[in-house]
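Input: a single structure, listed below in structure tokens.
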Amino acid sequence: MAEQDCPNGCLTPDKFVDMYKMFFPSGNAEEFCDHVFRTFDMDKNGYIDFKEFLLAIDVTSAGTPEEKLKWAFRMYDVDGNGVIDVQEMTKIVQAIYDMLGSNSANRPADSAEERAKAIFSKMDENNDGNLTQEEFLKGCLLDEELSKMLTPGA
């Protein structure tokens, strides 16, 4: 990314999407980018400043598995209420599928809804229809394949 892309040192949602499109040219990255952008924009001012960008890169590239999963939990918790419901999980899984593109070898054969329900059946220990951060972390830390699927790019 060049300086002219962010002349004021702030990354806008449009520039963020453009950046992701370079990595996923065959898929639709916009929906996934919306969720990632929301998670990176910690002060919710509509852009990612340099400090937020550095923190996000640090967590997603050099963070511990637990830090990466806490970041992922915030992304999946679309409404920010501290728990993930099956609709939120389905939204993010669908966005990941869309980003990968329909012809990707990495795209699972099941639907986003089926995958979200399967994830819930593994993680929702008390069967209340919500995943707490603790349930999410525990489920991912015990299942490496699940962890990789739920933290794309991290």
- request: Could you tell me which numbered condition ILE84 fails, if it satisfies all but one of (1) modelled with pLDDT of 85 or more; (2) within 25 Å of GLU144 (Cβ to Cβ); (3) assigned to a helix (DSSP H, G or I); (4) among the aliphatic types (A, V, I, L, M)?
  value: (3)
message: Can you pull out every residue in segment 38-56 that is open to solvent by 70 Å² or more (accessible area, probe 1.4 Å) and not basic (Lys, Arg)?
response: MET42, ASP43, TYR47, PHE50, LEU54, LEU55
query: From the residues in segment 119-154 that are surrounded by 14 or more Cβ atoms within 10 Å (Cβ to Cβ) and aliphatic (A, V, I, L, M), which one is farthest from GLU67 (Cα to Cα)?
result: ILE119
- line: Residue hits (segment 99-116; surrounded by fewer than 16 Cβ atoms within 10 Å (Cβ to Cβ) and touching a helix residue (DSSP H, G or I) at 6+ places or on another chain (Cβ under 7 Å)) are ASN106, ARG107, PRO108, GLU113
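ARG74: touching a helix residue (DSSP H, G or I) at 6+ places or on another chain (Cβ under 7 Å), open to solvent by 10 Å² or more (accessible area, probe 1.4 Å) and not hydrophobic (A, V, I, L, M, F, W, C), yes or no? Break it down into steps so the answer makes sense when it comes.
On the way: touching a helix residue (DSSP H, G or I) at 6+ places or on another chain (Cβ under 7 Å): yes; open to solvent by 10 Å² or more (accessible area, probe 1.4 Å): yes; not hydrophobic (A, V, I, L, M, F, W, C): yes.
For ARG74, the condition - touching a helix residue (DSSP H, G or I) at 6+ places or on another chain (Cβ under 7 Å), open to solvent by 10 Å² or more (accessible area, probe 1.4 Å) and not hydrophobic (A, V, I, L, M, F, W, C) - is met.
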- prompt: Considering only residues of segment 88-130 that are part of a helix (DSSP H, G or I) and without any contact (Cβ under 8 Å) to a residue 12 or more places away in the chain, which is farthest from VAL36 (Cα to Cα)?
  reply: SER121
- request: Scan segment 39-68 residue by residue and report those that are part of a helix (DSSP H, G or I), farther than 19 Å from LEU150 by Cβ and basic (Lys, Arg).
  value: LYS51
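The values are calculated or read from the model by the stated rules, or taken from the named source; none is laboratory data. Just so it is clear, the structure is predicted and the values come from calculations on it, not from any experiment. Glycine also receives a Cβ, built like all others from the backbone with ideal geometry; neighbour counts cover every protein chain displayed. Accessible surface areas use protein heavy atoms only, side chains included; no ligands, DNA or RNA. Shrake-Rupley method; radii C 1.70, N 1.55, O 1.52, S 1.80 Å.
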